[in-house]
Amino acid sequence: MVTASRLASEKHIDWLVRAASIAKKEVPELTFDIYGEGGERESIENWIEKLGAHDYIRLLGHQKLDDIYKNYPLFVAASTSEGFGLTLMEAVGSGLGMIGFDVNYGNPTFIRDGKNGYLVPIEVKEDSNEKIIDSLAQAIIRFFNDGPVDPHETSYAIATPYLIENTRQKWKEL
């Protein structure tokens, strides 16, 4: 699985690292690649070290992602507040399965719960970090062990309105 994000506290990449370490016990083939840079890199490296996860969780820095997404079955996001979510759009446009929180913006635009992935329920002010991390882990396990039948086709269909030619046509109609 993959994520692409600024490595910033509000993106909660540490939650994804911890969730991946839990999911790995049920999904032995699981790997998790993290693309991006930011101030939380050292903290994330510390979590990977603490969990003994260097063999399956990698920090890969900043890269052009156009051709990278297609190498993964699943994109995961742990931000609790997104606007539009450019990386979400890129991932869904590449046909990836998707997991993210069921929040007001961003994720629900690109994730059809049970169809191309899962929207994870969250109460940011009430849920403990452990509960949130476990919920993410369970969604990852579910995706790989008993996931949606054809998440890739659903993701492609969701992305269709955002294709350049469709967006260009919408602008012409304005």
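Brief remarks on what is shown
Per-residue answers, yes or no, for (1) touching a residue at least 60 places away in the same chain (Cβ under 8 Å); (2) among the acidic types (Asp, Glu); (3) more than 25 Å from Asp113 (Cα to Cα):
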position	(1), (2), (3)
Ile13	yes, no, no
Pro28	no, no, no
Phe32	no, no, no
Asn46	no, no, yes
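- In region 149-172, the residues that are at pLDDT below 90 and in a loop (DSSP other than H, G, I, E, B): Val149, Leu163
- Criterion (part of a loop (DSSP other than H, G, I, E, B), small (Gly, Ala, Ser) and more than 23 Å from Ser155 (Cα to Cα)) met by exactly one of Ala53, Ala78: Ala53
- Test: Met98 is part of a strand (DSSP E or B) and either in contact (Cβ under 8 Å) with a residue 12 or more places away in the chain or of a type outside the set (S, T, N, Q) (or both): yes
- Selection over region 80-94 of residues that are small (Gly, Ala, Ser), surrounded by fewer than 22 Cβ atoms within 10 Å (Cβ to Cβ) and at pLDDT 90 or above gives a count of 2.
- For region 123-140, filtered to residues that are small (Gly, Ala, Ser) and under 15 Å from Ala77 (Cα atoms), the residue that is surrounded by the fewest Cβ atoms within 10 Å (Cβ to Cβ) is Ser135.
- Being farther than 20 Å from Lys70 by Cα and surrounded by fewer than 21 Cβ atoms within 10 Å (Cβ to Cβ) holds for only one residue in Lys50, Lys24, and it is Lys50.
- Of all residues in region 101-122, those satisfying the criterion of being surrounded by fewer than 22 Cβ atoms within 10 Å (Cβ to Cβ) and either in contact (Cβ under 8 Å) with a residue 12 or more places away in the chain or of a type outside the set (D, E, K, R) (or both) are Asp102, Val103, Asn104, Tyr105, Pro108, Thr109, Arg112, Gly114, Lys115, Leu119, Pro121, Ile122.
- Residue match in region 27-44 (condition: within 22 Å of Pro148 (Cβ to Cβ) and in a helix (DSSP H, G or I)): no
- Residue among Ile133, Ile111 that is in contact with a helix residue (DSSP H, G or I) (Cβ under 7 Å, 6 or more places away or on another chain) and either of a type in the set (Val, Ile, Thr) or within 22 Å of Phe32 (Cα to Cα) (or both): Ile133
- Qualifying residue in region 28-49 (condition: among the hydroxyl-bearing types (Ser, Thr, Tyr) and in contact with a Phe, Trp or Tyr (Cβ under 6 Å, 6 or more places away or on another chain)): yes
- Checking Glu40 against (1) acidic (Asp, Glu); (2) buried (at least 18 other Cβ atoms within 10 Å of the Cβ); (3) closer than 25 Å to His152 by Cβ, the condition it does not meet: (3)
The values are calculated or read from the model by the stated rules, or taken from the named source; none is laboratory data. In this text the structure is predicted, and so the values were computed from the model without any measurement. Because the Cβ atoms are built from the backbone with ideal geometry, glycine has one as well, and the counts that use them run over all protein chains shown.
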